[in-house]
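As structure tokens, the structure follows; a few thoughts come after it.
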Amino acid sequence: MAEAAAPLLPTQKEVAEHDPTSEIMELQMGPSHPATHGTIKFNLTLDGEKILNCDVEIGYLHRGFEKMCEQRTWNHCIPYTDRLNYASPLINNVAFAITAEQLLDVEVPERCQYIRVIMSEISRITDHLTCLGMAATEAGAISVGFYLMESRETLYDLVTAVTGARLTVSYARVGGVTHDLPHDFAARVRTAFADMRRILSDCDKLLSKNRIFIDRMSGVGTISPEDAISYSLTGPLLRATGVPYDVRKAQPYSGYDRFDFDIPTGTQGDNYDRFSVRFEEIKQSMRIIEQALDGIPSGPIRIDDPQITLPEKKQVYGNIEGLMNHFKLVIEGVKIPPGEAFQSVEGANGELGFYLVSDGSGRPYRVRVRPPCFFGMAALGEMLRGCLISDIITTFGMVNMIGGECDR
């Protein structure tokens with residue numbers, strides 16, 4: 001009987017891992033950590049508190065967004081898009097609807113486009129306020145968190161007035177939107193923005209000269225423009241490195257080319273620049289909304305096509321044609337011609353895209369979403385290399401990962 005092979009000598013890595021006097025330690029942080037959203041796990045290689053390597057596991061929520069959409073009609077997918085990024089659901093609604101309309105080769109009325117822009121920008125602001133408020137709180141500036149949440153609630157009141165819901169709005173439809181703006185909406189927006197500008201000014205004073213906040217954020221989680229592009233980063237993460245890419249400017253949709261606004265950028269690509277870019281984007285979104293409210297035209301809010309949009313309720317209740325049309329659209333769905341389309345919009349966290357395939361039936365044959373924060377999570381390990389354990393919280397907060405859209 002042949003002799004057993006002699007055991008191989010342990011590698012230098014194995015010796016280092018098992019040497020009790022070694023400074024190198026492997027540690028798992030999350031998913032039970034309160035700052036890791038319940039699904040994220042950081043596999044850390046540490047030298048004391050210094051991060052030598054970080055392998056990020058995004059985990060699973062098991063939502064199955066894409067496959068659920070393939071079992072529903074086109075408009076039945078809208079509530080699912082709400083849950084992708086619940087901090088800015090209106091942008092998700094609009095992105096899906098625009099992609100479906102590209103398949104239909106139709107363009108919604110001009111008033112509908114303005115409404116979509118207004119509601120999308122309000123949604124972008126609520127997303128940024130949530131991100132910045134929580135990031136400031138995690139760095140110890142809890143007063144800023146309270147102030148920004150106060151502003152966010154004011155905007156949620158506006159969203160509720162338009163859509164009837166606070167977060168899960170389900171507002172857009174293929175071919176239009178569900179409701180027109182309330183008659184006093186413009187006045188309410190201007191009142192809310194006056195308060196918000198005061199609060200943002202106060203928060204700027206609290207943070208811009210706060211040594212603790214600056215030390216926690218400045219020079220931390222840096223990434224170069226080249227690496228950011230290599231990781232396909234978009235949105236505030238990319239613009240913080242100095243690259244001025246914004247889908248609203250590069251590939252205008254819904255009439256964004258009519259509005260005058262700037263693209264805030266950073267220089268260092270660190271957490272402080274990411275915070276500052278989002279802070280400035282709130283101001284630019286307010287500019288867009290005010291221009292849209294000043295120039296919004298009158299007219300219909302959806303396409304006048306009984307094969308695409310639902311009839312008015314009085315027609316449903318008043319004649320058999322309206323009732324039959326309503327029934328067929330709800331049960332069978334909009335019959336979109338066979339084809340495929342991809343459309344991206346500027347989400348709060350970056351480029352949000354939908355790839356849709358139609359086989360001519362009333363439901364999508366294939367749905368694929370490009371979630372912006374998925375790519376941010378891919379680059380997070382690179383951002384954290386060389387940082388300290390305490391920097392994980394602030395850097396992860398600036399990626400602004402939303403589990404609903406990051407889940408694959």
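A few points about this structure:
- Residue match in region 58-65 (condition: in contact with a helix residue (DSSP H, G or I) (Cβ under 9 Å, 6 or more places away or on another chain), on the phi < 0 side of the Ramachandran plot, at pLDDT below 95 and assigned to a helix (DSSP H, G or I)): yes
- Here residue 181 fulfils each of the conditions (1) in a loop (DSSP other than H, G, I, E, B); (2) touching a helix residue (DSSP H, G or I) at 6+ places or on another chain (Cβ under 7 Å); (3) surrounded by fewer than 20 Cβ atoms within 10 Å (Cβ to Cβ) apart from (3).
- Scoring residue 260 on the criteria (1) assigned to a helix (DSSP H, G or I); (2) of a type in the set (Asp, Glu); (3) modelled with pLDDT of 95 or more leaves a single failure, condition (1).
- Yes/no for residue 207 being hydrophobic (A, V, I, L, M, F, W, C), touching a residue at least 40 places away in the same chain (Cβ under 8 Å), in contact with a Ser or Thr (Cβ under 9 Å, 6 or more places away or on another chain) and assigned to a helix (DSSP H, G or I): no
- Looking across 240, 192, 228, one residue alone is touching a residue at least 12 places away in the same chain (Cβ under 8 Å), small (Gly, Ala, Ser), under 21 Å from residue 286 (Cβ atoms) and surrounded by 21 or more Cβ atoms within 10 Å (Cβ to Cβ). It is 240.
Matching residues to (1) over 30 Å from residue 225 (Cβ atoms); (2) surrounded by fewer than 16 Cβ atoms within 10 Å (Cβ to Cβ):
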residue	(1), (2)
316	yes, no
330	yes, yes
337	yes, yes
344	no, no
367	yes, no
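- A residue that is at negative phi and out of contact with any Phe, Trp or Tyr (no Cβ under 9 Å at 6 or more places or on another chain) occurs somewhere in region 358-365.
- Subset of region 169-196 [over 17 Å from residue 110 (Cβ atoms) and of a type in the set (D, E, K, R)]: 184, 188, 190, 195
- Hits in region 37-86 (condition: polar (S, T, N, Q) and either touching a Phe, Trp or Tyr at 6+ places or on another chain (Cβ under 7 Å) or farther than 14 Å from residue 403 by Cβ (or both)): 39, 43, 45, 53, 71, 73, 75, 81
- Residue match in region 335-349 (condition: in contact (Cβ under 8 Å) with a residue 24 or more places away in the chain, under 30 Å from residue 215 (Cα atoms), in contact with a Lys or Arg (Cβ under 9 Å, 6 or more places away or on another chain) and not aromatic (Phe, Trp, Tyr)): yes
- Here the condition is being in a loop (DSSP other than H, G, I, E, B) and in contact with a strand residue (DSSP E or B) (Cβ under 7 Å, 6 or more places away or on another chain); of 297, 311, 337, it holds for 337 alone.
- Restricting region 93-117 to residues that are part of a loop (DSSP other than H, G, I, E, B) and out of contact with any Ser or Thr (no Cβ under 9 Å at 6 or more places or on another chain) leaves a set whose member that is farthest from residue 179 (Cα to Cα) is 105.
- Where a residue in region 172-188 is farther than 23 Å from residue 303 by Cα and its partner, wherever it lies, is part of a loop (DSSP other than H, G, I, E, B) and among the hydrophobic types (A, V, I, L, M, F, W, C), with Cβ under 9 Å and at least six apart: 186/296
- Selection from region 132-142 of residues that are in a helix (DSSP H, G or I) and buried (at least 24 other Cβ atoms within 10 Å of the Cβ): 132, 135, 136
- Among the residues of region 158-171, the ones that are touching a residue at least 12 places away in the same chain (Cβ under 8 Å), of a type outside the set (Val, Ile, Thr) and over 18 Å from residue 75 (Cβ atoms) come to 3 in all.
- Here residue 269 fulfils each of the conditions (1) outside any loop (DSSP other than H, G, I, E, B); (2) buried (at least 21 other Cβ atoms within 10 Å of the Cβ) apart from (1).
- Residue within region 375-389 that is touching a strand residue (DSSP E or B) at 6+ places or on another chain (Cβ under 7 Å), in a helix (DSSP H, G or I), closer than 30 Å to residue 140 by Cβ and of a type in the set (Gly, Ala, Ser) present: yes
- Residues of region 35-45 that are in contact (Cβ under 8 Å) with a residue 40 or more places away in the chain and within 16 Å of residue 380 (Cβ to Cβ): 35, 36, 37, 39, 40, 42, 44.
- Residue match in region 2-17 (condition: among the β-branched types (Val, Ile, Thr), more than 18 Å from residue 376 (Cα to Cα) and either modelled with pLDDT of 55 or more or assigned to a loop (DSSP other than H, G, I, E, B) (or both)): yes
The values are calculated or read from the model by the stated rules, or taken from the named source; none is laboratory data. Just so we're clear, the structure is a prediction, and the values are computed from it rather than from any experiment. In this analysis, Cβ positions are derived from the backbone assuming ideal geometry, glycine residues included, and neighbour counts consider all displayed protein chains.
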